[in-house]
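This report concerns only the one structure given below.
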Amino acid sequence: MDEKAILKELADAVVACDPPRAKKAAETALSEGMDPVKAINEGLVVGMGVIGDNYAERKMYLPQVLVAAHSMYEGLDVLIPAIPKDESLTTKNAVCGVVQGDVHDIGKNIVKTMLTAAGFMVHDAGKDVPPEEFKKMMLDDGAQVVCLSTLMTPTMDNMAATVKLIANSGYRDKVIITIGGPPTNDAFAKEIGADHRDENAQQCVSFVNSKV
Amino acid sequence: MAMSCRERVLAALKQENLDRPPVAVFTTCDTIGMMKACGASWPEAHSDPQKMATLACAQADYFGLESVRAGFCLTQEAEAFGCPINMGTEKSSPMLKGHRYNYNPMKKIYDEPDDLPDMDEFLRTGRIKTTLEAMGIMQKTHGEDYVVVGGNTGPFTLTGHLLNTENLVYSVWTEPERAQKWTKAISAYSKAYGQALLDAGADVVQMSEPSASTDILAPTDFPIQSGQFVKDCLGSLKGHTILHICGDSAPIIPYMFDTGVDGISVEEKVPSEKAIEIANHRGCMVGNVGCAFPLFKGTPEDVAAAAKRSRDAGFNVISAGCGVPIGTPVPGAASRPPQTSYPSRRVCGILLIPSDILGIPQINQRLK
């Protein structure tokens, strides 16, 4: 199997939402001597990009996205351990989480997946996350991006509180803050001092890639 | 003789021609201002039937809405199944802290829906019991003048709470029959609870099914994964029924009516005119003033404009598009005693709609 065919198979396995196929393709990539970073960036990530674009355009829906993401992670689980220790996969760090008071994390998980596919090392803060925890993770992980999510309107104020705490941390000019979730909009992002409101995960990736 | 609030809402549910649509919120509406005004607050009002009824009736007593509605969140059924819950605070709603059953399609580890709670016991448990008792209180104190609304959780959404929503949604792609098997089993509880709400005093059952929104399920999956079960557990009830689904529900509005409900509640993410056109007079339309914007963050003028748009489009009940945010302000509400008119500004309910917008001849105060 030549390199081009292996890369295509990695991408196709993700688009086909087929975790075992993605794992097998990743194993093939290694057995054929392919650079694991290349297999990730030019194989798995390409496939996840197709999924993300289709999801943003509502040509695909969440069930497919979740299974495609699982496929990508199955491939990553094979490829990442094969990366030589002195070769960094990425130097870009992002923190993602659902703000305090809210436990709905599917949207956050999709953003995490798409940022991972875009080459970010994503630190998952989880759900119901206090502002102080976001700040701590941002500083500990040296994050260039912080993505805040909420599904519910009552917790919009905690989104504002998190942005305010980051703004007062002395680190604000080193980090891009994006927000997302159904109750948010561009005006709210501007009001609380976030840099961007993400309509969907693909839009989040496009924005942060243009800034980082 | 002027119609009572109750008569107006019931007429709207039947799509009768009215001089103006009623202003009522069938989704949740329990704001900080209401809590301060009536003296019953979260989290106690989630579990105390008298406090729940008092807070629910504040919707009419203090904010001029033309209906009264309880319970207050979508975790009460999950709690009765045994899910751990954080009951929240005055300013935060209860949250699920875990799930009741094992359901992991990635690892192929599943519980089967064959060890579910006894139905009678389920209806006597926790906040299910609280809400049923509150229905009786609300019907007794306000039922003559106002429509009493009982809220419950849609079967796909509740199944997600019990299993893990992300895993349930994953299995819609990998094992759709397994997902349906669980949702069908759980829908029996949604049906029993809906009937119990009616038996306890509710005039309307309003079911929220947010996990079946088009942000999650493909429109073509809705009737298979949710709609057919909603039809059984809501559409078949012998009482008035409203189905609420969040997000851009435009592609599934026909499917929502296929469930046999009296009406549907839609968000502002569907343009008002488009929603009415798609609905094509198949039932009562409830909505669709935006919750975050303008209700929570906008000005009274923004709210009035949104309400006018919904009315002009043809909505039968002017309402918030989803649950009213807890911080939604109503100027002066806390100092306003119940059952009085508003001399300084004639407004209609929490939606802050100036009366002349809807042609309201008289502020909708308690009639007695």
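Taken together, the values in this text are just the output of simple stated rules run on the coordinates, not laboratory data. All of these numbers come straight from a predicted model, not from anything done at the bench. Here the Cβ positions follow ideal geometry from the backbone for every residue, glycine too, while neighbour counts run over all protein chains shown.
For chain B, report the convex hull volume of the alpha-carbon atoms normalised per residue, in Å³, without decimals. Intermediate results must be reported in sequence, preceding the final value.
On the way: hull volume 42.7 nm³, N = 368.
Roughly 116 Å³ of hull volume per residue.
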Q) What are the principal axis extents of the Cα atoms in segment B:1-159, in Å, biggest first? A) 64, 35, 28
Q: Run through all the Cα pairs of chain A and give the fraction in each 10 Å bin from 0, expressed as whole percent.
A: 9, 34, 32, 18, 6, 0
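Over chain B, what is the relative contact order in percent, taking alpha-carbon pairs closer than 8 angstrom and at least six residues apart? Mind showing how you got there, number by number?
Details: 802 pairs, mean separation 76.2, N = 368.
Averaging sequence separation for qualifying contacts and normalising by length gives 21 percent for chain B.
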Q) Counting only other chains, what is the mean number of Cβ atoms within 10 angstrom of the Cβ of each residue in peptide B:89-99? A) 3
Q) Once the Cα gyration tensor of the protein assembly as shown is diagonalised, what are the square roots of 5 times its eigenvalues, in whole Å and ordered largest first, as equivalent ellipsoid semi-axes? A) 44, 26, 21
Q. Which of rounded, prolate, oblate describes segment B:158-310, given a ≥ b ≥ c as roots of the alpha-carbon gyration tensor eigenvalues and a/c under 1.5 marking rounded, otherwise prolate only if a/b is larger than b/c?
A. prolate
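What is segment B:37-193's relative contact order, in percent, from Cα pairs under 8 angstrom and six or more apart in sequence? Show your work: numbers first, answer last.
Numbers: 226 pairs, mean separation 41.8, N = 157.
Dividing the mean separation by the residue count of segment B:37-193 yields 27 percent.
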Q: Can you put B:Met119, A:Met137 in order of Cβ neighbours within 10 angstrom, beginning with the fewest?
A: B:Met119, A:Met137
Q | segment B:1-65: GluC sites (Glu not before Pro) in DSSP coil with no more than 15 other Cβ atoms inside 10 Å | A | B:Glu16
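Taking only the C-alpha atoms, wrap a convex hull around segment A:1-60 and report its volume per residue in Å³ as a whole number. List each step's numbers first, then the result.
On the way: hull volume 3.7 nm³, N = 60.
Output value, Cα hull per residue: 62 Å³.
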Q. Using the alpha-carbon centroid of each, what span in Å lies between segment B:95-123 and segment A:150-212?
A. 35 Å
Q) Viscosity 0.692 mPa s, temperature 37 °C: Stokes-Einstein D of segment B:72-224 from its Kirkwood Cα radius, in µm² per second? A) 202 µm²/s
Q: Measure nothing fancy, just the Cα-based angle from helix B:176-200's long axis to the longest principal axis of chain B, in degrees from 0 to 90, nearest 10.
A: 40 degrees
Q: Per DSSP H run of at least 4 residues, take -39500 (n - 2.57); add these up for the protein assembly as shown, divide by its residues and hand me the 222 nm value, nearest 500 deg cm²/dmol.
A: -13000 deg cm²/dmol
Q) Of the cross-linked pairs B:Lys36/B:Lys191; B:Lys14/B:Lys191; B:Lys51/B:Lys238, which ones have a Cα-Cα span greater than 32 Å in the structure shown? A) B:Lys36/B:Lys191
Q | Pairs of Cα atoms farther than 16 Å apart, segment A:92-211, % | A | 52 percent
Q: Write out the GluC sites (Glu not before Pro) in segment A:82-163 meeting two conditions: DSSP loop, and at most 16 other Cβ atoms within 10 Å of their Cβ.
A: A:Glu87
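Could you list the chymotrypsin sites (Phe, Trp or Tyr not before Pro) in segment B:181-272 that lie in coil according to DSSP, counting only those with at most 12 other Cβ atoms within 10 Å of their Cβ?
Values: sites: B:Trp182, B:Tyr189, B:Tyr193, B:Phe229, B:Tyr255, B:Phe257; in loops: none.
Here no chymotrypsin sites (Phe, Trp or Tyr not before Pro) fit, given the DSSP loop and packing criteria.
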Q. On a 0 to 90 degree scale, rounded to 10, what angle separates helix B:300-313 from the longest Cα axis of chain B?
A. 70 degrees
Q) What is the helix-to-structure angle for B:126-142, meaning the angle in degrees between its Cα long axis and the longest Cα principal axis of chain B, kept from 0 to 90 and rounded to the nearest 10? A) 20 degrees
